[in-house]
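Novice: There's a structure below that I have some questions on.
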Amino acid sequence: MTINWHARYTQQAKWTEALRQYIFGKLQLDASARLLEVGCGTGAILEQMPMPVHGLDLRLASVQAAAANAPSSPLTCGDALFLPYADQCFDVVFCHFLLLWLPDPQRALKEMMRVTRAGGQIIAFAEPDYTQRVDKPAALEPLGAWQRDALQAQGADSGTGAKLTELFHSAGIQIVEAGNLSKSTREAFDRQAWESEWAVLESDLAGRIPDDQIQKMKALDLHAWQSGERVFHVPTHYLWGRIAGG
């Protein structure tokens, strides 16, 4: 199954929409504010912002897609560990499902601090903790272990969400607010969202788990959703921090 990454990132952006509205509303940003999204992907969040927001991504193809989806946003192809921006040039720097993929998230946070003015904000809107993933009924529990192993094989830290507060604290960022995205463990079945989730899963598991086992688990998963038995939850953490001074 081919993955439509922009659709996937847009789906993830919906999960944090209320949180983003809450935090950005608290900040009372005006048109002069300078914002940066580190790891902007295809521009799923940039295109929803009411003002042009700078975006950076490591993948050129993602930056090119973001240019089409968010044409007013200044975009850069670059590395989160070596941000190509001057010191203290942004008011707000944020990321979204990013830190778990970085080999050195502490360095990335230090770079975010460097490019943020004194008194500015650094926000991680979503970092999952797959080590605490919940799958019910019990026959679906292996699915969580498969995904954790696949993420680890790709270089991700599947437990980043639980480490978020310590990462910010160790970097020297003042913590304004931390918490979990409120997401019900029992949700109405959304076939499109389910297909998007499974497109990513099948890609991650290909070559690691025999295809017949993957398809059996997929069928069990579909049945559990359609029968109302399915419980699926990945604790996902956010943290809003502030740079001292200003």
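The values are calculated or read from the model by the stated rules, or taken from the named source; none is laboratory data. Bear in mind that the values here come from a model prediction, so they are computed numbers and not experimental data. Note: ideal-geometry Cβ built from the backbone for every residue, glycine included; neighbour counts use all protein chains shown. The area values use the complete protein model at the heavy-atom level, side chains included, leaving out ligands, DNA and RNA. Shrake-Rupley method; radii C 1.70, N 1.55, O 1.52, S 1.80 Å.
Novice: I'd like the antiparallel share, as a percent to the nearest 5, of DSSP beta bridges with both residues in the chain.
Specialist: Percent antiparallel among DSSP bridges in the chain is about 50.
Novice: On a 0 to 90° scale, report how tilted helix 60-69 is relative to the longest principal axis of the chain, with both axes built from alpha carbons and the result rounded to the nearest 10.
Specialist: 80 degrees
Novice: Taking θ = phi - 60°, what integer Hz values does the Karplus form 6.51 cos²θ - 1.76 cosθ + 1.60 yield along segment 169-178, in sequence order, with x for Gly and Pro?
Specialist: Computed from phi, the couplings for segment 169-178 are 4, 5, 6, x, 8, 5, 8, 8, 7, 9 Hz.
Novice: Something else about it: When only Cα pairs under 8 Å and 6 or more residues apart are kept, what is the percent relative contact order across segment 41-83?
Specialist: The value is 45 percent.
Novice: May I ask for the equivalent-ellipsoid semi-axes of segment 177-246, computed as the square root of five times each C-alpha gyration tensor eigenvalue and listed largest first in whole Å?
Specialist: Values for segment 177-246, descending: 33, 18, 9 Å.
Novice: Using the basic label-point model (7 angstrom from Cα toward the beta carbon), what is the Q132 to A18 distance in nanometres?
Specialist: Modelled inter-label distance: 1.9 nm.
Novice: Hey, what's the chain come to in accessible area per residue, 1.4 Å probe, Å²?
Specialist: Here the per-residue accessible area is 48 Å².
Novice: Against the longest principal axis of the chain, how steep is helix 105-114, in degrees 0 to 90 to the nearest 10, with axes from Cα atoms?
Specialist: Here the helix axis deviates by roughly 30 degrees.
Novice: What's the magnitude of the charge dipole for the chain around its Cα centre, counting Lys and Arg as +1 and Asp and Glu as -1 at the beta-carbon? Answer in Debye, nearest 20.
Specialist: 380 debye
Novice: Do any of K163/K216; K110/K136; K26/K163; K14/K163 go past 28 Å between their Cα atoms, and which?
Specialist: In this structure, K163/K216; K110/K136 exceed 28 Å between Cα atoms.
Novice: Here is a further query. Would you mind calculating the relative contact order of the chain from Cα pairs under 8 angstrom and at least 6 residues apart, reporting the percent as a whole number?
Specialist: In percent, rounded to a whole number, it is 22.
Novice: Using Cα-Cα distances under 8 Å and only pairs 6 or more residues apart, what relative contact order does segment 41-153 have, in percent?
Specialist: The normalised contact order for segment 41-153 reaches 20 percent.
Novice: Also, quick follow-up: When the accessible area of the chain is split by element with a 1.4 Å probe, what percent falls to carbon and sulfur?
Specialist: 51 percent
Novice: I want to check the label-to-label distance for R59 and K26. Put each point 7 Å from Cα in the C-beta direction and report it in nm to one decimal.
Specialist: Distance between label points: 3.1 nm.
Novice: Extending each Cα 7 Å along its Cβ direction at D79 and Q152, get the distance between those two points in nm, one decimal.
Specialist: That separation, rounded to one decimal, is 2.6 nm.
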